[in-house]
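Participant: Before we start, here is the structure in question, set down as structure tokens.
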Amino acid sequence: MKTILLVEDDPFVVDIYTTKLKSAGFSVDVAEDGEEALRKLKEKKPDLMVLDIVLPNIDGWELLKRIRTEMGLEDLKVVVLSNLSQKEEVQKGLALGVMRHFVKANFTPSEVVEEIKKILK
């Protein structure tokens, strides 16, 4: 079973995506902020990380920089799920190896899960 680390601080979004991902056959681990995500990544590397950008303590971009440079997880598959849709934000993600940037308002949870399935085939 493939494991997804969902890094998201909104309990409503966590609930929806945890349910959708589990029903699609994934194991889901949740981190509510960047620090918790770093701790969980040190314990176990997931098959894919779903990352919000606006997070308490360490934001998503800082978390991603640390993962790529300090933790040696250059190959970790990452998709961004955020309300940030500005071109600069999307470019920042691409520069850090993000596979897809989903704007929450533009994609249903089912569409995001379908894309995750394609990435993890």
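The values are calculated or read from the model by the stated rules, or taken from the named source; none is laboratory data. Please read these numbers as outputs of a predicted model, since none were measured by experiment. Note that we place each Cβ from the backbone using ideal geometry, even for glycine, and neighbour counts take in every protein chain shown.
Participant: Quick one: how many residues across region 44-76 are out of contact with any Gly (no Cβ under 9 Å at 6 or more places or on another chain) and closer than 12 Å to Leu5 by Cα?
Facilitator: Keep residues of region 44-76 that are out of contact with any Gly (no Cβ under 9 Å at 6 or more places or on another chain), which gives 44-50, 65, 67, 69-73.
So of that shortlist, the ones also closer than 12 Å to Leu5 by Cα come out as 44-50.
Looking only at that region, the number is 7.
Participant: Looking at (1) in contact with an Asp or Glu (Cβ under 6 Å, 6 or more places away or on another chain); (2) surrounded by fewer than 19 Cβ atoms within 10 Å (Cβ to Cβ), which is the only condition Glu35 fails?
Facilitator: (1)
Participant: List the number of the failed condition for Leu51; all other conditions in (1) among the hydrophobic types (A, V, I, L, M, F, W, C); (2) farther than 21 Å from Lys121 by Cβ; (3) surrounded by 19 or more Cβ atoms within 10 Å (Cβ to Cβ) hold.
Facilitator: Checking Leu51 against (1) among the hydrophobic types (A, V, I, L, M, F, W, C); (2) farther than 21 Å from Lys121 by Cβ; (3) surrounded by 19 or more Cβ atoms within 10 Å (Cβ to Cβ), the one that fails is (2).
Participant: When you scan region 1-109 for strands (runs of 3 or more DSSP E) that lie fully inside it, which ones turn up with 2 or more residues that are at pLDDT 95 or above, among the small types (Gly, Ala, Ser) and at negative phi? Even if it seems obvious, please write down each step before you answer.
Facilitator: On the way: elements: 3-7, 27-31, 48-51, 77-82, 100-103.
By residue number, 27-31.
Participant: Looking at region 79-121, which of the residues that are charged (D, E, K, R) and in contact (Cβ under 8 Å) with a residue 12 or more places away in the chain is farthest from Asp47 (Cα to Cα)? It would help to see each step written out before you state the result.
Facilitator: Start the filter on region 79-121 by keeping residues that are charged (D, E, K, R), which leaves 87-89, 92, 100, 104, 111, 114-115, 117-118, 121.
Checking which are in contact (Cβ under 8 Å) with a residue 12 or more places away in the chain leaves us with 89, 92, 100, 104, 115, 117.
Values: Glu89: 24, Lys92: 22, Arg100: 15, Lys104: 22, Glu115: 14, Lys117: 11 Å.
Filtering first and then ranking leaves Glu89.
Participant: Please list, ordered by first then second residue, the pairs with beta carbon atoms under 6 Å, 6 or more apart or interchain, first in region 58-78 and hydrophobic (A, V, I, L, M, F, W, C), second in a helix (DSSP H, G or I) and surrounded by fewer than 18 Cβ atoms within 10 Å (Cβ to Cβ).
Facilitator: Sorted first by the residue in region 58-78, then by its partner, the pairs are Ile58/Glu35.
Participant: Of all residues in region 67-85, which are surrounded by fewer than 16 Cβ atoms within 10 Å (Cβ to Cβ) and either more than 15 Å from Tyr17 (Cβ to Cβ) or of a type in the set (Asp, Glu) (or both)?
Facilitator: Keep residues of region 67-85 that are surrounded by fewer than 16 Cβ atoms within 10 Å (Cβ to Cβ), which gives 69-72, 74-75, 83, 85.
Answer for region 67-85, where residues must be surrounded by fewer than 16 Cβ atoms within 10 Å (Cβ to Cβ) and either more than 15 Å from Tyr17 (Cβ to Cβ) or of a type in the set (Asp, Glu) (or both): Thr69, Glu70, Met71, Gly72, Glu74, Asp75, Ser85.
Participant: While we're looking at this one, here's another question. Report, by residue number, each residue of region 17-30 that is loosely packed, with under 15 Cβ neighbours inside 10 Å and β-branched (Val, Ile, Thr).
Facilitator: Thr19
Participant: Any idea which of (1) free of Cβ contacts under 8 Å to residues at least 24 places away in the same chain; (2) over 24 Å from Glu114 (Cα atoms) is the one Asp33 doesn't satisfy?
Facilitator: Of (1) free of Cβ contacts under 8 Å to residues at least 24 places away in the same chain; (2) over 24 Å from Glu114 (Cα atoms), only one is false for Asp33: (1).
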